[in-house]
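See structure below.
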């Protein structure tokens, strides 16, 4: 009887003690300056979670819209958890240009025009639900508070004349 219980437990998903399912949800994206030369933005995103296969959102759910609330969810299962365990999270906001070379939008708060300076890079602490940005200078996210927020305009470039494809993003990261 004892062996049967052990065997059944091993077949149950997430039966392993010390693992969680992490969900990254991008709930809002807004263009702060023109990100699409032929109209309004056609947003989609790539999300990477520490060593897991990167995940892409569906193609733009609202084409030609500079202000969307897509609630895109990206689920990463069987993530080891434990005291002090942290993971890198990367969120890239893209504008679909229909084959003519998509644009990486600037969603990061620090300046620059390279791909890495436009990407949201976070550290997520799975046991507390707190995240920080890549230089830890920002106030940590309270899992019971408002969603995370970042903006490419926070580097002082939110100006249609500078056109860095700035956008702002609101997101959540949860572990259960």
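The values are calculated or read from the model by the stated rules, or taken from the named source; none is laboratory data. On a predicted model such as this, the values are computed, not experimentally measured, just so you know. Every residue, glycine among them, receives a Cβ derived from its backbone with ideal geometry; neighbour counts consider all protein chains shown.
Just one of the listed residues (21, 48) is farther than 25 Å from residue 116 by Cβ and modelled with pLDDT of 90 or more, and it is 21. The requirement of being modelled with pLDDT of 85 or more, in contact with a helix residue (DSSP H, G or I) (Cβ under 9 Å, 6 or more places away or on another chain) and buried (at least 18 other Cβ atoms within 10 Å of the Cβ) is fulfilled nowhere in segment 66-89; no residue meets it.
Comparison of 141, 172 shows that the only residue that is part of a strand (DSSP E or B), surrounded by 16 or more Cβ atoms within 10 Å (Cβ to Cβ) and either at pLDDT 90 or above or under 17 Å from the mean Cα position of the chain (by Cα) (or both) is 172. In segment 114-133, the qualifying residues are those that are out of contact with any strand residue (DSSP E or B) (no Cβ under 8 Å at 6 or more places or on another chain) and under 25 Å from residue 165 (Cβ atoms), and the one that is surrounded by the fewest Cβ atoms within 10 Å (Cβ to Cβ) is 114.
Tell me, yes or no, whether segment 37-45 has at least one residue that is farther than 18 Å from residue 126 by Cβ, surrounded by 14 or more Cβ atoms within 10 Å (Cβ to Cβ), in contact with a helix residue (DSSP H, G or I) (Cβ under 9 Å, 6 or more places away or on another chain) and modelled with pLDDT under 90.
Keep residues of segment 37-45 that are farther than 18 Å from residue 126 by Cβ, which gives 37-45.
If we keep only those that are surrounded by 14 or more Cβ atoms within 10 Å (Cβ to Cβ) as well, we get 40-45.
After this cut, where a residue has to be in contact with a helix residue (DSSP H, G or I) (Cβ under 9 Å, 6 or more places away or on another chain) as well, the list is none.
No, there is no match, as no residue in segment 37-45 is farther than 18 Å from residue 126 by Cβ, surrounded by 14 or more Cβ atoms within 10 Å (Cβ to Cβ), in contact with a helix residue (DSSP H, G or I) (Cβ under 9 Å, 6 or more places away or on another chain) and modelled with pLDDT under 90.
Spot the failing condition for residue 98; the list is (1) in a loop (DSSP other than H, G, I, E, B); (2) surrounded by fewer than 19 Cβ atoms within 10 Å (Cβ to Cβ); (3) in contact (Cβ under 8 Å) with a residue 60 or more places away in the chain, and only one is missed. With (1) in a loop (DSSP other than H, G, I, E, B); (2) surrounded by fewer than 19 Cβ atoms within 10 Å (Cβ to Cβ); (3) in contact (Cβ under 8 Å) with a residue 60 or more places away in the chain applied to residue 98, the lone miss is (3).
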